[in-house]
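One structure below.
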Amino acid sequence: MGNPFPKAGPIVKFWKKHGSHTVSFVRLMDIPLLKKLPDVDMQNQILKDRKLETCTNPISLQDIRTLKELYRLKSETRDLREPLVRNIMKRRVVGQQCIESLKNALYSLETIHIDDYTGQRVLSLDGKKQIEVDLTYEIRELRKDIYYLEYGEDHFINYLGKFIPNFRSHLNEGIAMLRGKRFNAFITDRDGTTNNYCGRYRSSIQPIYNAVFLSRFAKNCCNFPIFITSAPLRDFGILNVSINPEDIFYYAGSKGREFISPDGAFHTYPIDEEKQQRIQLLNDRLRLLLENPNFEKFNFIGSALQLKFGQTTVARQDITHSINADESSAFLEKVKGIVREIDPEKRIFRIEDTGLDIEIILTIDTDGHDSLKDFDKGDGLEFICRSLGIKTPEGPNLVCGDTSSDIPMLEKAMEICGDVWAIFVTKDKKLEKRVKSICPQSMIVPSPDILLTMLGLLSL
Ligand SMILES: [Mg+2]
């Protein structure tokens, strides 16, 4: 490979008088442009790497009246935050314009109309119907990011401590437990564990401080940092809401049935090819349906459309019943019609309607073994470890979760991994007992921010 750097131009030396001293300094004269670069790809990579992208996606103050506008703003905050995390990880300065942009986003949310009677913020769903929205997550996490950027990490940690009871004692306990360890695998759930819980998945964009703490820990203290979530991988999934630098984490969606490595390699749990094609067809049809102005509101309520591997979920109602009952039933019939067209013999799909969500699940061949058992995060973990060739007996390994759906992941880790440590984020005493009985080397904390700060401090 040729030298990627162009030859420097002439070096000119200058002298300047400073008081009684004469100071010399050099200046690189203009670097001559090379007509043909020795290796254009590498050159571009270096330029891309060195470019100081402080605020390429500024956010202006906005008047948010619809859910669609809310999600557009949330996606803008993702585009703004992602390069910022990369810059912070590379110890670059964050420009004032970025902080101003985050403040614009925050103010745009804070000024969303509040209903006089209920005291709740309301947004329009389709120009006709108003629905109540709880923006606690969005507003709180933006405030934290602004504080983090304006005052720095030490002050930020003190700030967190103001709101969380026994913050310091939890931190000290965790740090004493894990200090000095380098983990082989770091296996973690996202929502409720490393990310504060948010009712609308599409809105749960990862905050900057969160990404810095987690990515630094993953990079400095772990060989295989792996997220395992029940949500899909993409469209719309964990990749759409995460802002960790892309070369650090392994992301597994659909409980581990699909995952992507930091180098972009994509792995899926084997599914029969014909079934795979049919579910692809179904997903394309549903996406098209939700682009239709008559049905686009279903993009913005509850679970919305989730294309999981081996299962597709689409919401027809949410817990506050934002959709008119007849409209919701008509949408269900429309979806059933599409499924019938793709699978007239009812061989491929099973439909489950919860009243809120329509779940369309691939049928399991009855002649296959394990066919009666639902796929859980433990199966996902085993599949990932096998696919990546992780030497699981090598410890220590760290498992983090927050609900009973993370228990199979911990049990599997105890079965196949050596020297397992666990941190669960919960206030549920029963779950706490279960975690401790499965994994004696465990700790319970009451909030994701404690876990995050602990990991962030352990990686310094
Ligand atoms: Mg969770």
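Throughout, read-outs are computed from the coordinates displayed, never taken from laboratory work. Note that the coordinates shown come from a computational prediction; the quantities given were computed from them, not determined experimentally. Using ideal geometry, Cβ is built from the backbone for each residue, glycine included, and neighbour counts are taken over all protein chains shown.
Dividing the helix sum by the residues of the chain, where each DSSP H run of 4 or more adds -39500 (n - 2.57), gives a mean residue ellipticity at 222 nm of -13000 deg cm²/dmol. The label point for F163 and the one for E291, both projected 7 Å from the Cα toward the Cβ, are 3.9 nm apart. Each other residue within a Cβ distance under 15 Å of P396 adds +1 if Lys or Arg and -1 if Asp or Glu, for a net charge of +2. DSSP assigns beta bridges within the stretch 349-460; of those with both partners inside it, close to 35 percent run antiparallel.
Normalised by the number of residues in the stretch 129-208, the average gap of Cα pairs under 8 Å and 6 or more apart makes the relative contact order 40 percent. Short-range pairs are left out: with C-alpha atoms under 8 Å and at least six residues apart, the relative contact order of the chain is 13 percent.
Filter the cross-link list K103/K219; K74/K103; K103/K129 down to pairs whose alpha-carbon distance in this structure exceeds 24 Å. From K103/K219; K74/K103; K103/K129, over 24 Å: K103/K219; K103/K129. Spin-label model, E246/Y117: points 7 Å from Cα along the beta carbon direction are separated by 4.9 nm.
Each part gets one Cα centre, and for the stretch 73-122 versus the stretch 291-361 those centres are 32 Å apart. Dipole check for the chain: with +1 at the C-beta of Lys and Arg, -1 at the C-beta of Asp and Glu, and the Cα centre as origin, the magnitude is about 2120 Debye.
Full extension of the chain between T56 and L281 yields a length gain of 77.3 nm, computed as 0.36 nm times the residue separation minus the alpha carbon distance. Straight-line reach from K436: taking Cα to Cα under 12 Å and skipping same-chain neighbours fewer than 8 places apart, the aspartates and glutamates in range are E411.
How many percent of Cα pairs in the stretch 393-454 exceed 16 Å? Summing the P(r) tail past 16 Å for the stretch 393-454 gives 38 percent. Taking the DSSP beta bridges with both ends in the chain, the antiparallel portion is around 60 percent. One decimal place: the segment V40-L460 gains 147.6 nm when fully extended, by the rule 0.36 nm per residue minus the C-alpha distance.
Note on N223 and E273: the model spin-label points, each 7 Å out from Cα along the C-beta direction, lie 3.5 nm apart.
Among the chymotrypsin sites (Phe, Trp or Tyr not before Pro) in the stretch 100-144, those located in a DSSP loop and surrounded by at most 14 other Cβ atoms within 10 Å of their own Cβ are Y117.
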